[in-house]
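These notes are about the structure you will find just below.
No value in this document is a laboratory result; all are computed from the given coordinates. As the structure is a prediction and not an experimental result, all values here were calculated from the model. Counting neighbours? That spans all protein chains shown, and the Cβs are built from the backbone with ideal geometry, glycine included.
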Amino acid sequence: MSLTPGFMDELRSRISISDVVGRKVMWDQRKSNMGKGDLWAPCPFHHEKSASFHVDDRKGYYYCFGCQAKGDALKFVQETENVGFMEAVEILAREAGMEMPARDPKAQQKQDRRTLLIEVMEQAVQFFRLQLKTNNAAMARSYLQRRGLTPPALDRWEIGFAPDGWQNLWDHLRGKNVPEDLIMAAGLAKPSTKGGRSYDTFRNRIMFPIRDARGRAIAFGGRAMDPNDNAKYLNSPETELFDKGRSLYNHAPARAAAGRGTPLIVAEGYMDVIALSEGGFQSSVAPLGTAVTENQLQMMWRMADEPIIALDGDTAGLRAAMRVIDLALPLLQAGKSLRFAVMPDGQDPDDLIKSKGPEAVKAVLDQAMPMVKLLWQRETEGKVFDSPERKAALDKALREKIKLIRDPSIRKHYGEDIKDLRWDLFRGNRPEGAGGDFMQGGVQGGRSGDGWKPGRKGGFGDGARKPWKGQGVTPAPLASTRSSLVAAADDAALARVREAVVLAVAITTPDVIGEFESNLERMHCADPDLGALRDQVLRYGIDASVDAPMGLKDRILDNLGPLALENLMTLRHVAIIPCLRKPGDTEAARLTLAEEFAKLEAMRGLDAELAEAAEDLTGLADEALTWRLKQAAEARNRAVRSENEDKATYDVGENGARLDREERDAFGALLDRIGFSQK
């Protein structure tokens, strides 16, 4: 529809902004000057107590000195009624007694016919309401009373009753000279297939009027009173007035309530919406007997940026939620999304309000989860991810869903959230010092309480020591072990050196992280600062699900601050690593990491053997223990030779060199004590 400048000028000249605003505010009589059109009131947009909202009636504008809201009468209607521009024009034009311009004669004829159909629908509304008060509707009234609807509520929602019989409404409307073609066009009657008279669409049903965004009756929903009826709920057929995919039950009242800042709630059916609204949640709507459509979703987003989908706590409710997710993903925009509130098992909003009151519903709504969480739940609930293939299948399924998002910024943030959830499932919540090697065992995702908690098997544990005689955790050392000279030998300083080198290389050349993921998972990192860096490398260094939206260094800077990287890269033994001077040289980085991990594994394997040997010492060495110590001695000698070769590259420092000498001396003393020669 085209609005000419002349029409808009005439509209503005006929309306007074003080009259339009005056319906929503209480003027401050002490501060306002009515004669000059200088009016003040508390602001209707941010609910203040002082009068900082100013209206200049002569200029036709308003301005709030508190929240800076400003505009003309059209803008005010749009904001307070939560309507679009054309609807605001129509509202003000009706008040000003002006006809909206028609595009052409045919459009005018069509509009005239729609007006006639709406009048027919209003007559049907009144007929059904009167029928609810008759003796024939006793069973219907009893049912509504059991559902908690009081007589005032029945009047507010204009609920009626279609009596049993074939031509009750037809005869009523024909008696008022309503043309047959209009009754049929309004969807109130159907033609007979046997050549007889037309018959009523709704029979023996409780009737719920369906109104459009402007409050006009356009259709009905009918709830069958006969339990054997084929359709429990029946909507009007689609007509010139009614397109069920473009309509919402309780649209106009919910839009006005949402415009006042209350959250928009999307329930499943008529009774849920009525129960929610009567319970104080007035911005509630429902689709009309079908899954949510794209048009309905866009209508919801025009009312509120983040509607809450209130799901019945059963399998069907969750299936409906998943259909909404699949529909919404391609349509997401910045600031436009959905949240999901799942009712307790086996209950809908109506049930919950009746059993526990509005407070229980509010508690569920306050816990509404974002769409990405429900998407994750669908792909992981009840599934076990104990193999690389199953993990890859999860990654593929999530990747395919996130690719549906057209907005690149939203797609990026979904990728970040999915990566965080994946981390929590596969690597999060590990005990301090646990390694979590996926080649050793599986990870099972399961729902426990409010969150997702991964189960774990295997792993190298603290220092890769084997469990004590089948127990799941490493026990405290025996007194004999604590006093043993073997236990005094500590490679911690040298291990920290190698771990720092590994992390520096991985951060500088993240392309090689994927090849060494399992090694990084086994890397203990007794130093908490290095452990935090290792977790960041594992969490953000590998893109396991979607496009990597941020660089690894940026992630570390955001999460750990600048000192974490600075302290790592300025270590003496890190700064001299050749491959760090050539960032991006993946081959050099790969060789460096392979060598460092091999030496770390050798050191930890040796520590484990020595610890077990010390635990078995009971005074005299048997042949098996002697053989094991011999093997340990040879491994120690090889490690010493390796360290000597590394001196040109790594500078451990005086303390590290002294510690290494003390370890070898202690080990030699132990061997001498049990009569074993190192030569």
What percent does the relative contact order of the range 182-229 come to when contacts are Cα pairs within less than 8 Å and at least six residues apart?
-> 27
Computed over the range 150-231, the relative contact order (Cα-Cα under 8 Å, seq sep at least six) in percent reads 29
Once both label points are put 7 Å beyond Cα along the C-beta direction, the residue 400-residue 112 separation in nm becomes 5.6
What is the range 104-241's relative contact order, in percent, from Cα pairs under 8 angstrom and six or more apart in sequence?
-> 25
At most 16 other Cβ atoms within 10 Å and a DSSP loop assignment: could you name the GluC sites (Glu not before Pro) in the range 207-277 that fit?
-> 238, 240
Taking amide H positions as placed in the peptide plane 1.01 Å from N, state which residues far from residue 210 in sequence (5 or more) or on other chains have amide H under 5 Å from it.
-> 218, 219, 220, 221
In nm, spacing of pseudo-spin labels at residue 386 and residue 75 (7 Å Cα→C-beta vector) | 6.4
How far, in nm, would the chain grow between residue 155 and residue 50 when pulled straight, counting 0.36 nm per residue and subtracting the alpha carbon separation?
-> 34.1 nm
Using the structure shown, list the pairs from 373/419; 49/70; 362/419; 133/190; 244/373 with a Cα-Cα distance above 20 Å, or answer none.
-> 362/419; 133/190; 244/373
Compute the distance in nm between two label points, each set 7 Å from the Cα along the Cα-to-Cβ direction, one at residue 582 and one at residue 14.
-> 8.2
Once amide H atoms are built 1.01 Å from N in the peptide plane, which residues 5 or more positions from residue 32, or in another chain, come under 5 Å H to H?
-> 40
Just report the Cα centroid separation between the range 145-220 and the range 353-418, whole Å.
-> 42
Give the peptides 71-78, 511-518, 8-15 in descending order of average Cβ contacts within 10 Å, highest first.
-> 71-78, 511-518, 8-15
Using mean Cβ contacts within 10 Å as the protection proxy, how do 112-122, 300-310 order, highest first?
-> 300-310, 112-122
